[in-house]
Amino acid sequence: MAATLRTPLQALLSTPHVVRRGLSSTRPWYGSYSDSKRWLRRQHKDVYVREAQRQQLRARSAFKLREIDEKYRLIFPGARCIDCGAAPGGWSQVLAEGVYSRQQRPLKRPQTADSNQKDSTSSHKSSQSDNSLPTSLHEMETADSIWAVDLLPMEPISGVTVCQMDFTLPQAKARLRALLGGELVDLIVSDMAPSFTGTHSIDHIRTMNLCEDALYFAQDLLRPGGAFVCKFIMGGTEREFKLLLQTKYTKVRVFKPKSSRADSSEAYFVCLGKR
Ligand SMILES: C[S@@+](CC[C@H](N)C(=O)[O-])C[C@H]1O[C@@H](n2cnc3c(N)ncnc32)[C@H](O)[C@@H]1O
């Protein structure tokens, strides 16, 4: 009899909503979900998963940000960006491509005797060739123009400061503000998603709560004229949220990238020109 009992996690994973979710290709969210034959079959057939592997992108979701950027041109060389809900790092890779592609990676180390010595050996490397990790916290804080926030740990990416923390906690904003050295950023993107319950209405509301957190975060840390992108799950209250966004940005668009799975109710708000 005991063999037929399911743990709460197994029960959760067997619900249709959870199975229908568009999940990261390289890191399934729910431990044993990766063992699901259905998940593996879908991943195997998915052209974006194969292409992400070929291009060494950490998640198929990287293509969503590429599509958003192709349409709205948000990422530019030297842009300062915050990536909320960044793990495993697909969006941060796309941000790094655009931010560091046509320029030297900005290294703003303090000019001490020690750092001068270090700079003479390493500051001429481009972002593509420099895969070394920053050697000190100070260097991490000053060398990068991309900050990636997630609850989960994330493998380092050159030029990206990874902050493992709960984005919704008040101290998260304070910590990021300190890392930014008081400066504002040009772009804030949020692909954050909560742990899904499998009940669409609850998942919708939880996602909208994260959108709202990200919006108020952007109100404080995004420069006037800057852009904000956030993922949501359709379910009703996004219409009201769009009205709120329109009071804060001159243009607000809803965009569903082709690479977002057709059976997923996710879409993105793309907000331009912070007032
Ligand atoms: C769809 S994944 C992001 C995929 C990522 N954009 C990429 O391309 O690799 C959503 C992420 O949101 C993160 N997340 C959810 N709630 C969060 C919170 N309160 N604070 C920080 N991260 C959160 C999850 O840990 C998860 O890694």
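The values are calculated or read from the model by the stated rules, or taken from the named source; none is laboratory data. Because the structure is a prediction, the values reported are computed rather than measured. Positions of Cβ are generated from backbone atoms using ideal geometry, with glycine treated the same way; all protein chains shown enter the neighbour counts. Ligands, DNA and RNA are excluded from the accessible area calculation, which covers all protein heavy atoms including side chains. Shrake-Rupley method; radii C 1.70, N 1.55, O 1.52, S 1.80 Å.
In the complete set of protein chains, residue-level accessible area for Asp263 is approximately 80 Å², probe 1.4 angstrom. How big, in percent, is the set of alpha carbon pairs in the range 142-231 lying more than 17 Å apart? Looking at the range 142-231, the distances longer than 17 Å represent 52 percent of pairs. Exposure check, 1.4 Å probe, all protein chains in place: Lys274 carries approximately 20 Å² of accessible surface. Each part reduced to its alpha carbon centroid, the range 77-99 and the range 211-275 end up 17 Å apart. Accessible surface for Phe255 stands near 30 Å², nearest 10, in the context of the full protein assembly shown (1.4 Å probe).
Annotation for the range 36-102: trypsin sites (Lys or Arg not before Pro) lying in DSSP loop with at most 15 further Cβ atoms inside 10 Å of their Cβ are Arg73, Arg102. For the range 139-211, the solvent-accessible area with a 1.4 angstrom probe is 40 square angstrom per residue. Relative to the current alpha-carbon distance between His200 and Ala174, full extension at 0.36 nm per residue lengthens the span by 6.1 nm.
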